[in-house]
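Trainee: Input: one structure, supplied below.
The values are calculated or read from the model by the stated rules, or taken from the named source; none is laboratory data. Treat the numbers as computed from the prediction; the structure is a model and nothing was measured. Cβ sites come from the backbone with ideal geometry, for glycine too, and all protein chains shown count toward neighbours.
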Amino acid sequence: MATFRIAIVGAGPAGYFAAQALQNLTTEDKSFAIDMIERLPTPWGLVRSGVAPDHPKIKTVSKVFEKVATAGNFRLFGNVELGTDVATTDLIDRYDAVIIATGSSLGRKLGIPGEELFGSLSAADFVPWYNGHPDYKDLVVPVDCETAVVIGAGNVAMDVARMLALEPSELDETDTADHALEVLRRSAIRKVIVCARRGPEHAAFTAPELRELPKLEHTNVIIDAAEIQAALARVGDEAEKDVRSNLAAMELITQTDNSGRDRTMEFKFFLAPLEIRGTDRAEEIILGINNIEDGKVVATGETTTIKCGLVISAIGYEASSIHGVPYAKGKVENVDGRVVGTNVYAVGWAKRGPSGVIGTNKSDASDVVKLLIEDLPAQPKERGDITDLIVGHRIDFFCFHGTNTIYISFNLYGIWRRSLQRLLQRTFPSCN
Ligand SMILES: Cc1cc2nc3c(=O)[nH]c(=O)nc-3n(C[C@H](O)[C@H](O)[C@H](O)COP(=O)(O)OP(=O)(O)OC[C@H]3O[C@@H](n4cnc5c(N)ncnc54)[C@H](O)[C@@H]3O)c2cc1C
């Protein structure tokens, strides 16, 4: 039987689903030795550092990933960054195929004056901060203001707004990072306004997330009923199923009692950010008022101002580029997942850009892995593996074989902490 060495870079959902597809496609004459490389000390990508902590059920997908990790022929090398610790060409030379599953971690910019002011943040920084991502633990989030504005009309904007508008005690039972809990507990923010550039019918929120909002115990959720009725009239009977469910969920919000609570989360539509103003920090945001004409969203030329001390933009992500991998339009340049003319493939958000839920990455990775297997040569290269590049090279890595019980407990507790890392390094100094 020929065993092909496959490197998967990135331990998020797309990387694990690619590994699972390889395991599922093992045959009597073809098997795969999988080495997954992750820049962080812990796996699971955005399942750990993106998905909101008050949605713990979604995070249980990590059990699927644990199964992949323990299915055999799988090693995870944590704390190893492609492009910094290891060169792309070195992986390309050693492995029969390299799968880039590094996601999209950079927040898209609003591109407006004042965006760089203190108090103006990207969701790409704020979200990993409350989820305990080690790169963001020192982020300063000013919560000493009454009003925060969130720009965007997708689930990330909704997560961000909910995290700011929740009564912090509702997060006590979650795995929100301690440093974030401490800040949120002393937050003066009582009003969070989510501003969407287009109408309710264009919003990318999803209905299950919208349906949860009226259940919030301590937060009034406000949407202007007239706005939803106008959107319903515009879309008529022709609306797609998703749009209809979203509008129904928003209509339900308009019919729910929205008073008497201490905190408020309000959705406003047809507002485009033009400028963030303030002396030393964000003090107000100027928004252009849009309208819909002949089915097109157009600027009316009028503006409105919201006084606020925190502005968070959640308008999408793009990939951070890695030396030796071609990028175009914020993602790996690829055709159906193939980086043409190489043994490199892309999956997940690195391949498609920042769209799709966790499950979307499964079918997508499986399709790419089928192409990868078609492209494999008759015989494996057998030119070594990542251990040639990191063992003895002063790289502060650690490695988990799937069967390590310590790996499982590490995952169960979701701990980032350095002390555990050191313990692991002492226990498993190398991983040949
Ligand atoms: C804020 C937010 C909330 C979300 N909430 C939900 C939700 O509730 N439900 C849902 O179904 N979907 C949700 N999603 C979408 C879901 O998280 C994505 O579909 C999924 O995580 C994409 O998987 P990925 O593997 O492509 O990328 P990622 O999850 O980003 O994983 C990429 C991995 O690659 C690693 N990496 C990056 N660069 C390197 C490098 N150079 N070397 C080595 N490793 C590297 C990263 O550290 C990371 O672990 C959410 C997304 C966001 C942003």
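Trainee: Consider the range 1-22. How many of its residues are more than 16 Å from the ligand (Cβ to nearest atom) and either part of a loop (DSSP other than H, G, I, E, B) or surrounded by fewer than 18 Cβ atoms within 10 Å (Cβ to Cβ) (or both)?
Mentor: 3
Trainee: Only residues that are in a loop (DSSP other than H, G, I, E, B), touching a helix residue (DSSP H, G or I) at 6+ places or on another chain (Cβ under 9 Å) and more than 9 Å from the ligand (Cβ to nearest atom): list them for the range 76-95, please.
Mentor: Within the range 76-95, the subset in a loop (DSSP other than H, G, I, E, B) is 79-81, 83-85, 87, 95.
Narrowing further to those that are touching a helix residue (DSSP H, G or I) at 6+ places or on another chain (Cβ under 9 Å): 79-80, 85, 87.
Listed by number, the residues that qualify are Asn79, Ala87.
Trainee: Oh, and also: Among the residues of the range 23-49, which ones are more than 13 Å from the ligand (Cβ to nearest atom) and surrounded by fewer than 24 Cβ atoms within 10 Å (Cβ to Cβ)? Don't jump to the end; show me each part of the working.
Mentor: Our first condition is that a residue be more than 13 Å from the ligand (Cβ to nearest atom); within the range 23-49, this holds for 23-34.
Of everything in the range 23-49, those that are more than 13 Å from the ligand (Cβ to nearest atom) and surrounded by fewer than 24 Cβ atoms within 10 Å (Cβ to Cβ) turn out to be Gln23, Asn24, Leu25, Thr26, Thr27, Glu28, Asp29, Lys30, Ser31, Ala33.
Trainee: Testing Ala69 on (1) crowded, with 23+ Cβ neighbours inside 10 Å; (2) within 12 Å of the ligand (Cβ to nearest atom); (3) in the same structural domain as Gln23 (by TED's automatic domain parsing), one condition comes back false. Which one is that?
Mentor: Every condition holds for Ala69 apart from (2).
Trainee: Within the range 85-120, can you find the residues that are touching a residue at least 12 places away in the same chain (Cβ under 8 Å), farther than 30 Å from Gln379 by Cβ and under 23 Å from the mean Cα position of the chain (by Cα)? Show your work before the answer.
Mentor: The initial filter retains those residues of the range 85-120 that are touching a residue at least 12 places away in the same chain (Cβ under 8 Å), namely 85-110, 112-115, 117-120.
With farther than 30 Å from Gln379 by Cβ added as a condition, the list becomes 103-110, 112-115, 117-120.
Gly103, Ser104, Ser105, Leu106, Gly107, Arg108, Lys109, Leu110, Glu115, Gly119, Ser120 - these are the residues of the range 85-120 that are touching a residue at least 12 places away in the same chain (Cβ under 8 Å), farther than 30 Å from Gln379 by Cβ and under 23 Å from the mean Cα position of the chain (by Cα).
Trainee: If you don't mind, there's one more thing I want to ask. Quick one: Val391 ticks every box in (1) closer than 20 Å to Leu76 by Cα; (2) surrounded by fewer than 13 Cβ atoms within 10 Å (Cβ to Cβ); (3) without any contact (Cβ under 8 Å) to a residue 60 or more places away in the chain bar one, so which box is it?
Mentor: Going through the list (1) closer than 20 Å to Leu76 by Cα; (2) surrounded by fewer than 13 Cβ atoms within 10 Å (Cβ to Cβ); (3) without any contact (Cβ under 8 Å) to a residue 60 or more places away in the chain, Val391 breaks only (2).
Trainee: Return the pairs, sorted by first residue and then second, in which the second residue is surrounded by fewer than 20 Cβ atoms within 10 Å (Cβ to Cβ) and modelled with pLDDT of 95 or more, the first residue lies in the range 60-71 and is of a type in the set (Val, Ile, Thr) and part of a loop (DSSP other than H, G, I, E, B), the beta carbons are less than 9 Å apart, and the residues are 6+ apart or on different chains.
Mentor: Correct list of pairs: Val61/Gly359.
Trainee: Got a number for residues in the range 317-365 being among the polar types (S, T, N, Q) and part of a loop (DSSP other than H, G, I, E, B)?
Mentor: Looking only at the range 317-365, we keep the residues that are among the polar types (S, T, N, Q), and these are 320-321, 334, 342-343, 355, 360-361, 363.
Still in the running and part of a loop (DSSP other than H, G, I, E, B): 320-321, 334, 342-343, 355.
Adding up the residues that qualify gives 6.
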